[in-house]
Ligand code: NAP
């Protein structure tokens, strides 16, 4: 009896069996946690990296030791030709796409008087243009009933000095989420965002001083930094049938940093 209970538990955990997911920026941080979580839930996971081949290989190796199979692709989301080749490759390798996670992102900061105007291009080319290019290229391959999940940030709604251009990029992303949800709803495709608060990744260590990390942790209701797996759990819910009635929303996964 115990064995049977265990088996049925295992089956119900595979909410994404038979699905093909693409995670941009899966070689590190939040994207890695998302790729691993979707694979655990039964999806075939394709993920991208832009530079860090050794990290991508490590993630590939980790997932391929489980029952599910993953595939890594080198593609800079800021380069249209690389994005188009990526989607062509996914079509030929997997034949379809059910779940698109636009996670790849970059961070730069500084107060207005110190930033150069080109910071806008460096950030928006990846965080906004890259998402538009990837989603547009994927639209024909994405199945009716599919999922698009954009990784935003609490920075979009939480005014932090020194983060204006990055925050504006995530606010732009939140607008895309809402409007694409309207535009794609007739195909039963849901479009949502997940907005992490501070989350322990390379980007977090790059962006914040030790003092700022302590201050941000103190601001959360739960008094800690987020882990990439905290974000991946919310993404997995939205990607699964359980999330099917949620669309056009950006859900904060931030330990209550913003309440
Ligand atoms: P991360 O540790 O810096 O990892 C970034 C990932 O994106 C890497 O896999 C990187 O690939 C990839 N990437 C960067 N530029 C790319 C490009 N042009 N094309 C394709 N891939 C690219 O960042 P993270 O903290 O995991 O952040 C993931 C997402 O969460 C981002 O959208 C970020 O804005 C958002 N976010 C993070 C936090 C936080 O506190 N960490 C908070 C709010 C929102 P390589 O390994 O090849 O460089």
Would you please name the residue that is surrounded by the most Cβ atoms within 10 Å (Cβ to Cβ), looking only at residues in segment 132-147 that are closer than 22 Å to residue 79 by Cα and touching a helix residue (DSSP H, G or I) at 6+ places or on another chain (Cβ under 6 Å)?
-> 134
Could you name every one of the strands (runs of 3 or more DSSP E) located completely within segment 8-120 that has at least 2 residues being modelled with pLDDT of 95 or more and more than 14 Å from the ligand (Cβ to nearest atom)?
-> 20-23, 97-102
Please specify each residue of segment 107-123 satisfying the condition of being crowded, with 20+ Cβ neighbours inside 10 Å and free of Cβ contacts under 8 Å to residues at least 60 places away in the same chain.
-> 123
For segment 131-152, what are the residues that are assigned to a helix (DSSP H, G or I) and within 15 Å of the ligand (Cβ to nearest atom)?
-> 131, 132, 133, 134, 135, 137, 138
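The values are calculated or read from the model by the stated rules, or taken from the named source; none is laboratory data. Since this is a predicted model, take the numbers as computed values, not measurements. Ideal geometry is used to build each Cβ from the backbone, glycine not excepted, and the neighbour counts take in all protein chains shown.
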